[in-house]
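One structure is given below, encoded as structure tokens.
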Amino acid sequence: MTTSRLNDTELLHWQQWKRAADRVWSSTVNQITAETGLSGADFSVLTRVAESDGNRIRQARLAELLGWDRSRLSRQISRMVDRGLLTRDVAQGVRTISTTEAGQSQVVRARHAHSRAVRTHLFDHIESKDADAFWRVIDALTRE
């Protein structure tokens, strides 16, 4: 089955979409890193663990939530364990990841930086008259 290529306007809009998403994400991560020293991957892992019941989560479930393969997650967790942000326990073949006190402290700091960055780099650019239509499109895209 052959589909036609994007026309010039569609291609331009696609490129603008990618640049906008990349800019919002990279600006947000840069602000988190500048304020906390956490990378985007650190923030993703720490927030998922901190949001779990009792700040503990099975490693397989964490991989599923992040959409990461097991080897990538394992390497990331090892680095974060070495830095004192997480602990990893193995019992009966089940790996459980928990935040440390230092990891919890970093989550709190990072969430503040994240909130400021998202407001600055996304919300402040959406005019109130366009907000409902914009968020309807975003909602539709996330349901696919």
In Å, the Kirkwood estimate of hydrodynamic radius for region 1-123 over Cα pairs equals 16.2
Computed, not fitted: 222 nm per-residue ellipticity of the chain from DSSP H runs ≥ 4 (each -39500 (n - 2.57)), nearest 500, equal to -22500 deg cm²/dmol
For region 1-138, dividing by residue count, accessible area per residue (probe 1.4 Å) in Å² works out to 68
To the nearest 0.05, the calculated FRET efficiency linking ASP69 and SER128 through their beta-carbon distance, R0 being 41 Å, is 0.50
Residues whose built amide H sits under 5 Å from the amide H of LEU86, excluding neighbours closer than 5 in sequence, are VAL81, THR100
Taking Cα atoms only, helix 101-121 is inclined relative to the longest principal axis of the chain by an angle, in degrees rounded to 10, of 10
Low-density loop GluC sites (Glu not before Pro), region 51-113, at most 14 other Cβ within 10 Å, DSSP non-H/G/I/E/B, are GLU51
Subtracting the Cα-Cα distance of ARG136 and ALA21 from 0.36 nm times their residue separation yields 39.7 nm
Carbon and sulfur atoms account, in whole percent of the 1.4 Å probe accessible area of region 45-137, for 47
For the chain, longest principal axis from Cα atoms; helix 8-36 axis from its Cα atoms; angle between them, nearest 10 degrees, is 30
Length gained if THR47 through GLU101 is fully extended, taking 0.36 nm per residue and subtracting the Cα-Cα distance, is 18.1 nm
Lys and Arg at +1, Asp and Glu at -1: neighbours of THR87 with Cβ under 14 Å from its Cβ sum to +3
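The values are calculated or read from the model by the stated rules, or taken from the named source; none is laboratory data. As the structure is a prediction and not an experimental result, all values here were calculated from the model. Heads up, the Cβs are rebuilt from the backbone with ideal geometry, glycines too, and the neighbour counts pull from every protein chain shown. Areas reflect the complete protein model, heavy atoms only, side chains present, ligands, DNA and RNA absent. Shrake-Rupley method; radii C 1.70, N 1.55, O 1.52, S 1.80 Å.
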